[in-house]
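The values are calculated or read from the model by the stated rules, or taken from the named source; none is laboratory data. Not measured: the values here are computed from a predicted model. With ideal geometry, Cβ positions are generated from the backbone for all residues, glycine too; neighbour counts draw on all protein chains shown. Just the protein is used for accessible areas: all its heavy atoms, side chains included, with ligands, DNA and RNA removed. Shrake-Rupley method; radii C 1.70, N 1.55, O 1.52, S 1.80 Å.
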Amino acid sequence: MPASYQRSKEDETPKVWGLVLSRKGSKRLPGKALLPLLEKPLAQYTFEAAKESRLLEKTWIFSDDEALLALAKTQGISIPEFERPEHISQDETSTEESIRYFLSRFENQQRPDLIMLLQPTSPLRTSGDVDAAIQRMINAPSADGLISVTPPPKPLSWVYRMDKAGSLKQAGIACETPGEKLLLPNGAIYIIRPKHVLAGKNIGEGHYIGFEMPANRSVDIDTAEDFGYAEYLLKTRHNSIQQNPMVS
């Protein structure tokens, strides 16, 4: 929303904050959030999607990485006055612990109605995805949260288990039934009600709804191979937009 936007008492639209969480220490890909992807730092794609959103009132970054904080500042992302302490910046620190600490630093009346977790490792998520997910959550007032999901690359009913001796047996994962789908979390979007996570609940615990995204916007960067695949998809998107400006 524009910087001049002021929330009035008559405005019943939920106040939604974006939150980018990132730790400096990444064992598999050190400095992952700042690694270049088509000449942009990986995290910048998330910052841009958040900035282009019509429904996010504000997006914060909560990180112990000074270089990432500096990049976020250039992108208009809000930086809290308090630092991310070392005790919640460890490998074993849960996402929920970090969110609770972040929210606890604000007075109750300052907190948003909804908080959207935007991991910096999902560069293909768009502002359209962000706004559509928020609207889906607004339309489900009884839901505790939302998780973005995507179809699996192969039917899960094909999965086998293999024991130490190499013997195979079918895993017994259920096939889809009428009116239901088997979907996988893609890591791009999580929406949480602050009161839910502050009460000690974990993400996914309670009544959560799904927001389905296509596979070509669901890449979660974890390995060097993921970078290569994301680069290919971004080039494909760029070429499509050049050939047809109406494609977004």
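The charge dipole of the chain, taken about its Cα centre with unit charges on the Cβ atoms of Lys, Arg (+1), Asp and Glu (-1) only, comes to about 260 debye. Relative to the globular-protein estimate of 2.2 N^0.38 Å, the Cα radius of gyration of the range 16-60 stands at 1.29. Surface calculation, 1.4 Å probe, protein heavy atoms: Leu34 sits at approximately 60 Å² accessible.
Quick one: if the Förster radius is 45 Å, what FRET efficiency do Lys40 and Gln109 give, using the C-beta to C-beta distance and rounding to 0.05? Walk me through the numbers on the way to the answer.
Numbers: r = 37 Å, r/R0 = 0.82.
According to the calculation, E is roughly 0.75.
Rounded to the nearest percent, how much of the accessible area of the range 86-130 (1.4 Å probe, protein heavy atoms only) is carbon and sulfur? Solvent-exposed carbon and sulfur of the range 86-130 make up 36 percent of the total.
Placing unit charges on the Cβ atoms only, positive for Lys and Arg and negative for Asp and Glu, gives the range 11-148 a dipole magnitude near 340 debye about its Cα centre. With a 1.4 Å probe rolled over the protein heavy atoms of all chains, the accessible area of Met137, Met162 falls in the order Met162, Met137, largest first. Each of Ala224, Gly204, His238 was scored by the projection of its Cα onto the charge dipole of the range 164-248, and the greatest displacement toward the positive side belongs to Gly204; charges sit on the C-beta of Lys, Arg, Asp and Glu. The smallest convex shape that holds all Cα atoms of the range 179-248, its convex hull, gives 147 Å³ per residue. Per residue, the solvent-accessible area of the chain (1.4 Å probe, heavy atoms of protein chains only, all protein chains present) comes to 57 Å². Which pairs in the list Lys24/Lys58; Lys195/Lys235; Lys58/Lys195; Lys40/Lys181; Lys154/Lys201 are over 29 Å apart, alpha-carbon to alpha-carbon? Pairs exceeding the cut-off: Lys195/Lys235; Lys40/Lys181; Lys154/Lys201.
Binning the C-alpha pair distances of the range 102-168 at 10 Å intervals from 0 yields a P(r) profile of 14, 29, 28, 15, 12, 3 %, listed from the shortest bin outward. DSSP bridge analysis restricted to the chain gives an antiparallel fraction near 45%, rounded to the nearest 5.
Any idea what diffusion coefficient the range 143-203 gets from Stokes-Einstein, in µm²/s, Kirkwood Rh on alpha carbon pairs, 20 °C, 1.002 mPa s? D = 148 µm²/s.
Volume per residue for the chain equals 179 cubic angstrom (convex hull of Cα atoms).
Work the Kirkwood hydrodynamic radius out for the range 71-205: mean of 1/r over every pair of different alpha-carbon atoms, inverted, in Å. Spell out each step's value before the answer.
Numbers: mean 1/r = 0.0555 Å⁻¹.
Taking the inverse mean of 1/r over all distinct Cα pairs, the range 71-205 comes out at 18.0 Å.
What ratio of Cα Rg to 2.2 N^0.38 Å holds for the range 31-83? It is 1.11. Proximity of backbone amide H atoms, modeled 1.01 Å from N, is registered between Ile209 and Gly145, Leu146, Ile147 at under 5 Å, excluding neighbours fewer than 5 places apart on the same chain.
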